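Enquirer: Here it is: the structure, laid out below.
Taken together, the values in this text are just the output of simple stated rules run on the coordinates, not laboratory data. What you see is a predicted model, and the numbers here were worked out from it, not measured in a lab. No Cβ is skipped: glycine too gets one built from the backbone with ideal geometry, and neighbour counts run over all protein chains shown.
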Amino acid sequence: MDKMNQKPNFKTMTSQELKSYVLSHREDDEAFYAYVDKVNERKDRVVYPPLNSLEELEKYPEVIEQMRQDSRHNFQQNELT
């Protein structure tokens with residue numbers, strides 16, 4: 001296989017590197033699943049039960065706040081690039 005077609009080693013990439021790769025290679029299922037696996041390995045990962053409706057999201061204000069912070073952060077990151 002020539003170097004132009006070789007994929008990076010997903011196991012050695014940081015979460016941020018892998019996320020960037022996945023976002024720029026959206027058709028690469030292997031990269032996506034490697035990213036999901038990496039996220040699932042995080043010690044600080046918080047798991048919430050599945051919601052039955054959007055109204056149930058109100059029971060988790062910390063999730064809403066985290067989503068707002070992530071959205072602001074992503075917006076700021078996109079402004080810099």
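Enquirer: If I stretch the segment between M67 and Q6 completely, what's the gain in nm (0.36 nm per residue apart, minus their alpha carbon distance), one decimal? Can you show the working numbers first?
Expert: Numbers: separation 61, 0.36 × 61 = 21.96 nm, distance 3.48 nm.
So the chain would gain 18.5 nm between M67 and Q6.
Enquirer: Right, here's the next one. Just subtract the alpha-carbon distance of S20 and V39 from 0.36 nm times their residue separation and send over the number in nm, one decimal.
Expert: Result: 5.5 nm gained on full extension.
Enquirer: Here is a follow-up. If R₀ is 30 angstrom, what is the calculated FRET efficiency for the pair E27 and E56, using the beta carbon separation as r and rounding to 0.05?
Expert: Details: r = 33 Å, r/R0 = 1.11.
FRET efficiency, E27 to E56: 0.35.
Enquirer: Sort 40-52, 19-31, 58-70 by the packing proxy (mean of other Cβ within 10 Å over each peptide's residues), most packed first. If you can, show how the numbers build up before the last one.
Expert: Working: 40-52: 7.8, 19-31: 13.2, 58-70: 11.0.
Listed from highest to lowest mean packing, they are 19-31, 58-70, 40-52.
Enquirer: Among P50, Q69, Y35, which residue has its Cα positioned farthest towards the positive end of the charge dipole of the stretch 32-72, with +1 placed on the Cβ of Lys and Arg, -1 on the Cβ of Asp and Glu, and the dipole taken about the Cα centre?
Expert: Y35
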